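Bear in mind these aren't lab numbers, they're just calculated from the coordinates by the rules spelled out. Keep in mind that this is a model prediction, so the values were computed, not measured. No Cβ is skipped: glycine too gets one built from the backbone with ideal geometry, and neighbour counts run over all protein chains shown.
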Amino acid sequence: MIVVVGGGPAGRYAAMQLAGAGKEVLLVDKRSDGLGGQCLHQGCMVICALNDVARTMEHQEMLFRSGIIATSPVPDYTALIAKMREIIETIAGIIAKETSTAGVKVVKAEAHIDGRTVIINDERFQPEAIIIATGTHPRRLNVPGKDLPGVMTAHTFFSLPSLPRELVIIGGGVIAAEIAYIYSLLGSAVTILARSTLLKEFPEVLAHEAKKELHRVTIQEQVVVSRIVGDDHVSGVEIKTSDGFRIIKADTVLVAAGTEAEIRTITGIPLTPGGFIRINERMETEIPGVYAVGDVTGTSSLTPVARWQGRTAADVILGGEPPSPLLTVPQAIKLRNDLAFCNHHDQGGMKVTMTSPAGPGSFWAVPERATGKASMTTDPDSGEIIGMFEASPYASVIAAYHALLINTGISIDVMKQFIEVHPSADATGWIGRYLAEKIDKKKQIRSL
């Protein structure tokens, strides 16, 4: 028997892959609300649900300002959260049935792991293999006032009974920006407090586009949170800047300052200096027969990477070899547009950037010059595609296919055969053709 601990994307994918190959698989998950992990219950799907509403409201506001519709939308926050939870429960039921139909036995319990041993409901196992897919939990902020009512994390924030009036988000990453966008459109006054700069891991142009799309949000960068203030409930956040200390009013504070490995029930497994489970390219820990996949490894916080690692662990257990390392992984943030990118490296190259065209989802953004931007970079000698970014309504899908081009080593030359679907808000096809033709001309000049 193989025991998988954790029913998020990584663990579930590995379990189903192994069961499909004829292995006896026990999937242990402690969540009371079903399989799916943080992605379904507190992360990706929650953001998708709320972002759909926020984008709809922004589009309706544009139409209202243009005089096309008579009223500006007013959301019912309680109804929104209730309906979202109902749909998430439906999805959880679907994936539970999918998992059991694949031949995986699912047990709702908290598993303890001690080296090569798994303990479930006081019963000890030493199975053929163990896959740890326990994910992460939000990092707590170590400042005075951190335990005041009204101080939330991504795991508790969406249980709020009503819409915050004044929301302060501590953090400068994807979660901070996405929630700031959503709640600023739902009607909250939102402030982001970033210790360094907002979206510092994103290409500079995309980070600039994000700030434009977050124009309703007050963004404070290069600040240090000194304490959270309040008596019986949070009332503000004190920050230290180059100008001294000041308090920003808030009735709700969301701490989005990173995550830590969920290893509170795991012992005897060597960790990295950052507190994540150490693995090799085969997803093996330093304990023979014990594997770790997904966020608990600290290698990435992206759901597709978690699934990739789950599949890799399953393949290795079944006697296969791990796939070649990926050169790039596409990433995105969802605001008014998708802001997506994938880069192999940033070492020069021939780069072209242009404004994204008007198309589905962006036509009414033309008066505000807010259709987005797109860029591609290629090696002018080899034709290797180095990277891309795009801000457009569906850039996430575009970035995934560009990552495929990079990871398979396909030359920019193939873009000469590209023909787009029209109308489209994507500009990378045009840029790719232009770059391919430009490199061709460069080669022709060299041959003279």
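Excluding same-chain pairs closer than 8 in sequence, count the lysine pairs in the stretch 142-260 whose Cα atoms lie under 20 Å apart.
For the stretch 142-260, the number of qualifying lysine pairs is 5.
For the chain, what is the charge dipole size about the Cα centre, in debye to the nearest 20, if Lys and Arg each add +1 at the Cβ and Asp and Glu each add -1 at the Cβ?
Approximately 560 debye in magnitude.
Below 8 Å, C-alpha to C-alpha, sequence gap of six or more: please give me the relative contact order for the chain in percent.
With pairs under 8 Å counted, the relative contact order is 15 percent.
What whole number of Å gives the distance from the Cα centroid of the stretch 211-258 to the Cα centroid of the stretch 392-448?
Answer, in whole Å: 42.
Under the classification rounded if a/c is under 1.5, otherwise prolate if a/b is larger than b/c and oblate if not, where does the stretch 301-399 fall, given a ≥ b ≥ c as square roots of the Cα gyration tensor eigenvalues?
Oblate, because a/c is 1.5 or more while a/b does not exceed b/c.
Extending each Cα 7 Å along its Cβ direction at Ser300 and Leu148, get the distance between those two points in nm, one decimal.
Rounded to a tenth, the inter-label distance reads 3.9 nm.
Along each principal axis of its Cα atoms, how long is the stretch 151-257 end to end? Whole angstroms, biggest number first, please.
42, 33, 22
Please give the calculated 222 nm ellipticity per residue for the chain, where each DSSP H segment of at least 4 residues contributes -39500 (n - 2.57) and the sum is spread over every residue; nearest 500 deg cm²/dmol?
-10000 deg cm²/dmol
Determine, for each peptide in 73-79, 411-417, the mean count of other beta carbons within 10 angstrom over its residues, then list the peptides with the highest first.
Peptide ranking by packing, descending: 411-417, 73-79.
Highest mean first, what order results for 401-407, 292-298 on Cβ atoms within 10 Å?
292-298, 401-407
Neighbour counts of other C-beta atoms within 10 Å: give me Tyr183, Tyr434 arranged from fewest to most.
Tyr434, Tyr183
Dipole magnitude of the stretch 331-447 about its Cα centre, charges +1 at Lys/Arg Cβ and -1 at Asp/Glu Cβ only, in debye to the nearest 20?
Charge dipole, the stretch 331-447, about its Cα centre: 260 debye, nearest 20.
Which shape class applies to the chain: rounded if a/c is under 1.5, otherwise prolate when a/b exceeds b/c and oblate if not, where a ≥ b ≥ c are the square roots of the Cα gyration tensor eigenvalues?
Note, shape of the chain comes out oblate.
Give the peptides 105-112, 120-127 in descending order of average Cβ contacts within 10 Å, highest first.
105-112, 120-127
Counting only pairs 8 or more places apart or on different chains, how many lysine pairs in the stretch 331-447 have C-alpha atoms closer than 19 Å?
Total qualifying Lys-Lys pairs in the stretch 331-447 comes to 11.
Cβ under 11 Å from Val225's Cβ, Val225 left aside: what net charge do those residues give with Lys, Arg +1 and Asp, Glu -1?
Taking every Cβ under 11 Å from that of Val225, the sum is +3.
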